[in-house]
Amino acid sequence: MTFLDDFFWRAVIAGIGVALVAGPLGCFVVWRRMSYLGDTMAHSALLGVAVGLFLKVDLMIGVFAVALAVALLLFFFQRQKLLSNDAVLGTLSHASLAMGVLLLSLMAWVRIDLMGYLFGDILAVSLNDLYWIYGGGILILLTLLMLWRPLLAITFDKELAQAEGIPVVGVQLLFMLLVAAVIALSMKIIGILLVTSLLIIPVSAARRFSNSPEQMAIGGALIGISSILLGLWTSLHFDTPSGPSIVIAAVLFFFAAHILPFRQFKY
Amino acid sequence: MLTSVETTVDELGFEISSETLIQSQNISLHIGGKELLSGISLNISKAEIVTVIGPNGAGKTTLLRLLLGLIPASSGSIYRKPKLRIGYLPQRAVFNPVLPLSVSRIMNLTGNYSKSQIETSLEETGVLALRDKPVSQLSGGEYQRVMLARALLRNPELLVLDEPVQGVDYMGESELYNLIGDLQKSHGCGVLMVSHNLHVVMASTDRVLCLNQHICCEGQPEDVTQHPEYLRLFGLDSGSALAIYSHQHDHKHHISGELSESTS
């Protein structure tokens, strides 16, 4: 048919879609100091893959469902206020990773390329995945656009936002749902273990050049896209796994942004 | 206390006058079997400054959160004037420097105010010059003034201030309390504020509530500082601490903090 028949271009287009969503969403992960939450939800993705294989549904659905369940569990424990966040996150992270490996090992009839799932595989992106990424991506971005101001207010000061009438719990839950969705969408490209890197590293690089939240979101998306392109090109030419190649590209941008002597931005 | 104003008693037993902004009746809060607040009955009226003082862990902030409706009380009831506009200044949160926000940007986080409204408000608290500054670079005093300007934008009937001088240096403290007193007069709003600072706060306050899980004593600053419960909580020395600031104002302050002409 078209260039979409070529696995490389499918991966590129999927990657661009994922990076466009990961920029704005990743800003809030960083601003709200939630990078470890992203990690935990991402580790739960292996359990999601196992559940998806077991129930014979699309793996993205399995990953999304499990990531969401983990986020809700975390939310529950946060409200208990008996344990610190990182203890809960650590527990959930390891629990879901262990359960995922166990479940996969019990399903003897399933043969999967574990490396591919853990670190991403550019050969794995199907046309169907592209529909998911762009359909879901647009939905995520529209929801985020709606949540943008209330989320900023909550990030600035949760107490104040609540006092000024923002439905804090609802907005936070919806945000968790978006993070779970973006993890499900980007898993195939980046891989389970590295999936949060696309949420965190590009926006952290963009921070150096940002005078407003919106600049940081757009900058993050652009740096994310550049990382995808550079990473996938490397992956194609040197036959490296796509996830680590993309992450290394993003890290290069990160160091370039923060170490090179650009003019100092005031914010 | 407000004998000149007609009061009505509603079915819940609230004695509401047209001056009443918030009233609580016998509210208590238990969390996990622990009693954080018990039997709090109070009344906040228009045009008065009420200060809640008390030791650490007395439940001052918790009381504010109950009155604001941010957390539900375990028992008791709270009356709030219908559609009460509240300007809230929470305890200073740790600001995350990764978030690139300017002063004028945070003024508009939950509302839509025009540029001139925002500038008027910042002018009132004396920080107009800071409007393009990143929030992460504000000093303690500047931050509190910006947040105060932000609270004023809502045209509040009641200002709720939690430790408004937190992170403010000693000189800045009394200036800030004077500013709060001035704003209360110019806006005609009630002020409910929390402080553990005994010295400066008393002078600009109409009524003091001394809190330690329950209301130990309340009244005018001069009376409260003589109250045995107060002396037990804060030590005998604290009675004399009031003298430091118990003086008649013979001058006024401009919003910038400078002296204007003497009024006496």
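Computed quantities for the displayed model
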{"read-out": "In segment A:78-106, residue surrounded by the most Cβ atoms within 10 Å (Cβ to Cβ) [restricted to those that are charged (D, E, K, R) and part of a helix (DSSP H, G or I)]", "value": "A:Asp86"}
{"read-out": "Subset of segment A:1-31 that is surrounded by fewer than 24 Cβ atoms within 10 Å (Cβ to Cβ), over 15 Å from A:Ala217 (Cα atoms) and of a type in the set (A, V, I, L, M) - its residue that is modelled with the lowest pLDDT", "value": "A:Met1"}
{"read-out": "Residue within segment B:19-36 that is under 30 Å from A:Leu152 (Cα atoms) and touching a helix residue (DSSP H, G or I) at 6+ places or on another chain (Cβ under 6 Å) present", "value": "yes"}
{"read-out": "Wholly enclosed helices (runs of 4 or more DSSP H) of segment A:113-183 bearing at least 1 residues within 12 Å of another protein chain (Cβ to nearest Cβ) and over 22 Å from A:Leu20 (Cα atoms)", "value": "A:127-156, A:158-163"}
{"read-out": "Residue selected from segment B:47-58 under the condition in contact with a helix residue (DSSP H, G or I) (Cβ under 9 Å, 6 or more places away or on another chain) and not charged (D, E, K, R), by the criterion nearest to B:Val191 (Cα to Cα)", "value": "B:Ile49"}
{"read-out": "Any pair with Cβ under 6 angstrom, 6 or more apart, that starts in segment B:94-115 at a residue that is within 8 Å of chain A (Cβ to nearest Cβ) and surrounded by 20 or more Cβ atoms within 10 Å (Cβ to Cβ) and ends at one that is hydroxyl-bearing (Ser, Thr, Tyr) and part of a loop (DSSP other than H, G, I, E, B)", "value": "B:Pro100/A:Ser210; B:Pro100/A:Ser212; B:Pro100/A:Tyr267"}
{"read-out": "In segment B:114-133, the residues that are more than 8 Å from B:Val103 (Cβ to Cβ) and not charged (D, E, K, R)", "value": "B:Ser114, B:Ser116, B:Gln117, B:Ile118, B:Thr120, B:Ser121, B:Thr125, B:Gly126, B:Leu128, B:Ala129"}
{"read-out": "Segment B:140-166, subset surrounded by 23 or more Cβ atoms within 10 Å (Cβ to Cβ) and among the basic types (Lys, Arg), residue farthest from B:Leu179 (Cα to Cα)", "value": "B:Arg150"}
{"read-out": "Single match in A:Ile138, A:Ile112, A:Ile166 (criterion: surrounded by fewer than 18 Cβ atoms within 10 Å (Cβ to Cβ), without any contact (Cβ under 8 Å) to a residue 24 or more places away in the chain and either more than 20 Å from A:Leu37 (Cα to Cα) or of a type in the set (Val, Ile, Thr) (or both))", "value": "A:Ile138"}
{"read-out": "Hits in segment A:190-210 (condition: within 13 Å of another protein chain (Cβ to nearest Cβ) and over 12 Å from A:Ser227 (Cα atoms))", "value": "A:Ile200, A:Ser204, A:Ala206, A:Arg207, A:Arg208, A:Phe209, A:Ser210"}
{"read-out": "Flag if A:Leu92 is out of contact with any strand residue (DSSP E or B) (no Cβ under 9 Å at 6 or more places or on another chain) and within 14 Å of another protein chain (Cβ to nearest Cβ)", "value": "no"}
{"read-out": "Among the residues listed as B:Gly57, B:Gly39, B:Gly76, the single one being out of contact with any strand residue (DSSP E or B) (no Cβ under 6 Å at 6 or more places or on another chain), away from chain A (no Cβ under 13 Å) and either among the small types (Gly, Ala, Ser) or in a loop (DSSP other than H, G, I, E, B) (or both)", "value": "B:Gly57"}
{"read-out": "Every residue from segment A:211-241 that is under 17 Å from the mean Cα position of the chain (by Cα) and within 14 Å of another protein chain (Cβ to nearest Cβ)", "value": "A:Met216, A:Ala217, A:Ile218, A:Gly219, A:Gly220"}
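Here's the yes/no breakdown for (1) among the small types (Gly, Ala, Ser); (2) without any contact (Cβ under 8 Å) to a residue 60 or more places away in the chain; (3) surrounded by 24 or more Cβ atoms within 10 Å (Cβ to Cβ):
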{"residue": "A:Val203", "(1), (2), (3)": "no, no, yes"}
{"residue": "A:Asn211", "(1), (2), (3)": "no, yes, no"}
{"residue": "A:Glu214", "(1), (2), (3)": "no, yes, no"}
{"residue": "A:Ile218", "(1), (2), (3)": "no, no, no"}
{"residue": "A:Leu222", "(1), (2), (3)": "no, no, no"}
{"residue": "A:Ile225", "(1), (2), (3)": "no, no, no"}
{"residue": "A:Leu229", "(1), (2), (3)": "no, no, no"}
{"residue": "A:Thr240", "(1), (2), (3)": "no, yes, no"}
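The values are calculated or read from the model by the stated rules, or taken from the named source; none is laboratory data. Keep in mind it's a predicted model, so treat the numbers as computed, not measured. Please note: Cβ atoms are built from the backbone with ideal geometry, for glycine as well, and neighbour counts cover all protein chains shown.
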